[in-house]
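Just below is one structure, and these are the notes that go with it.
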């Protein structure tokens, strides 16, 4: 079992990586001083529940914990205020109190939703993440939780750090291949923004990761979380540095919004967005190799690098106008200036972004 | 103009008390470094809006601020997730960004709702309170914000401190007399929990306060905020001391829930609850004068001290079971042990509380 500490002063917490952690959940809760006097609430989704929920409930029961469970529909639509309200109903009926813990068993959607429940139920209770996707290695570090609004993603939320994260590698075996690929997109992003050596390692271990070879998977997740953890430790509330984690997200979020949060998986949209940022870099005078190398590594993992041709450029540009990264009217963009290094550029011209979007559609 | 600083380290903020502060709002925002590059959002209710909204908008316009406004129906029902969602729609359409400020112009309902919008919009933006009720002197200190759930009050929320509070005494002149009386209930509570001298002052200045005599009003609000501020500064997240602010609230919240949040104003329900706590104290062996003195001062202000006879004891007891103050199953009660001094008692027997509720109905 690997262990990583996310260093946030008195809000620091450990991430455990290993096989069979769900079976050990009760013991790990006891070890971390989580009381069994107050009930736990497990939030999961309809895809994950049949595989792992009863195992997790049994593990808790064996250590003397009472649990209630709530299963949301799979997919981004569950990140809503109405789901939050439903979960609070279940929490109240189960008698959750201020010493209770809310547990997210699932991917990023469940993590964001359950995390916001934990942040806001009785103005904040404890939170533990048990991610079941590769993509969730990203959302499990940093404490960003929240739900969507019909006009914008992730617009209602909080910063709420978990008590711990249990990354059970066994849960990743039930993932569809497309989700494995999409999940690795954020792992590659962590290399691109911070760590050229990690990119070289990813280049060497592409096949090991795609086939979920345990040692490679464990290291890749550890290192992805580690990069994110370093960045978040230095800027928990996203005042400056933390924004580099948004590489690929300005265009990526717009693509998700325009395609109705269905056609593209988050990691796929971000992959296209990262190629767009690299294109922008070249237009701004940085070396063309940044673009070619970014595109090469993403393609090697089977990730898309081009905007689907039927998506409308005007709609994509409009979607960006609702993005949180438009601070005081000016357009902020994270741009790679070398492999493993990015800069946050303010006042990037919308005209140039539009050109990049058009080129991304035509794969110029 | 009086000024009080709520001391919370890097989250400290000032409360200004004075006549005509709404007219000075733009200048005070500029003085406090609130940018005019990003739009402001004013949240108010249909009772307050006709009196003060256009004055406030003009004051901001005169200092170069753009504003959007949202008017909710008056009353507790507006503290809902659906109102939150509506306000976020308006915020997005008005182009509010991470440098924007949300302003609560109104009483406790508007403050709690707008405060939770500020806490959760883009994971947190700035917040300013402009209270228009006496009761709001209580909610304007401490950073507790949130909305109700159909099963429980204030169950979904956050701690989010304002940048500042502008207490314009002129706005209090439009309050119905019953709301003036009810608002003074929390002011008396601040005396009962912390400051016997303040209780003596309240006893002397009862008529000055009920007639809104400016100097008495300004001092009473200042001292009420001051007591709360001292308590909150020592325990921002309600780990221990802060719970003393809940004097009268366990029974009070149950009365509000059972009477459908309509029959009793919050301050009235709390008044009855405080008499109940004093009764409990006597049952637990403390001096009977605590009960008589508590009841006398509340009656002198015209506040109710008895549970309306048609309310059902079983329903009142059930409503308490959903209260946040039931920590890990045991019943926590704030009990006066002298005038100006309280204790937090754990494991108070539900049987005894039931007896007190019955006596409060019969005015024994």
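Just so you know, all these numbers are worked out from the coordinates, no wet-lab data involved. Treat the numbers as computed from the prediction; the structure is a model and nothing was measured. Cβ placement follows ideal geometry from the backbone for every residue including glycine, while neighbour counts extend to all protein chains displayed.
Structure data summary
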| read-out | value |
| --- | --- |
| Relative contact order of region A:177-362, defined on C-alpha pairs under 8 angstrom at six or more residues apart (%) | 27 |
| Calculated label separations, residue A:66, copies of the chain, 7 Å along the beta-carbon direction, nm | 5.3 |
| Principal-axis tilt of helix A:266-283 within chain A, Cα atoms, nearest 10 degrees | 30 |
| Overall form of chain A per C-alpha gyration tensor (a/c, 1.5; a/b vs b/c) | prolate |
| Whether region B:235-364 is rounded, prolate or oblate, judged on the alpha carbon gyration tensor where a/c under 1.5 counts as rounded | rounded |
| Residue-averaged 222 nm ellipticity for chain A, from DSSP H runs of 4+ at -39500 (n - 2.57), nearest 500 | -14000 deg cm²/dmol |
| Between region B:1-56 and region A:181-238, the Cα center-to-center distance that results, in Å | 46 |
| Shielding of A:151-159 by partner chains, average beta-carbon count, 10 Å | 5 |
| Contour excess over end-to-end distance, with Cα ends at residue B:346 and residue B:205 and 0.36 nm allotted per residue | 47.2 nm |
| Inter-copy separations for residue A:309, label at 7 Å along Cα-Cβ, nm, ascending | 8.3 |
| Among A:230, A:244, A:272: highest mean-square fluctuation, GNM of chain A, C-alpha pairs under 10 Å | A:230 |
| Chain B: relative contact order in percent, alpha carbon pairs under 8 Å with at least 6 residues between | 14 |
| For residues of A:237-247, the mean tally of beta carbons on other chains within 10 Å | 1 |
| Nearest-first distances (nm) between copies at residue B:344, label 7 Å from Cα via Cβ | 3.8 |
| Convex hull (Cα only) mean projected area of the protein assembly as shown, reported in nm² to one decimal | 30.2 |
| Residue with peak Gaussian network fluctuation, chain B [Cα springs, cutoff 10 Å], from B:249, B:310, B:137 | B:310 |
| Listed residues B:48, B:342, B:150, most fluctuating in chain B (Gaussian network, C-alpha, under 10 Å) | B:150 |
| Between helix B:214-234 and chain B: long-axis angle, C-alpha atoms, 0 to 90°, nearest 10 | 80 |
| Region B:1-136: C-alpha gyration tensor shape, a/c 1.5 cut-off, then a/b vs b/c | rounded |
| Minimum Cβ-to-axis distance in chain B for the rotation onto chain A, with residue, whole Å | B:81, 2 |
| Residue-averaged beta-carbon neighbours from other chains (10 angstrom radius) around B:97-107 | 2 |
| Gain in span if fully extended, residue A:150 to residue A:312, counting 0.36 nm per residue against the direct Cα distance | 56.4 nm |
| Mean separation of Cα contacts under 8 Å (6+ apart) over length of region B:2-174, as relative contact order % | 25 |
| Acute angle (nearest 10 degrees) that the helix A:350-362 long axis makes with the longest principal axis of chain A, alpha-carbon atoms | 90 |
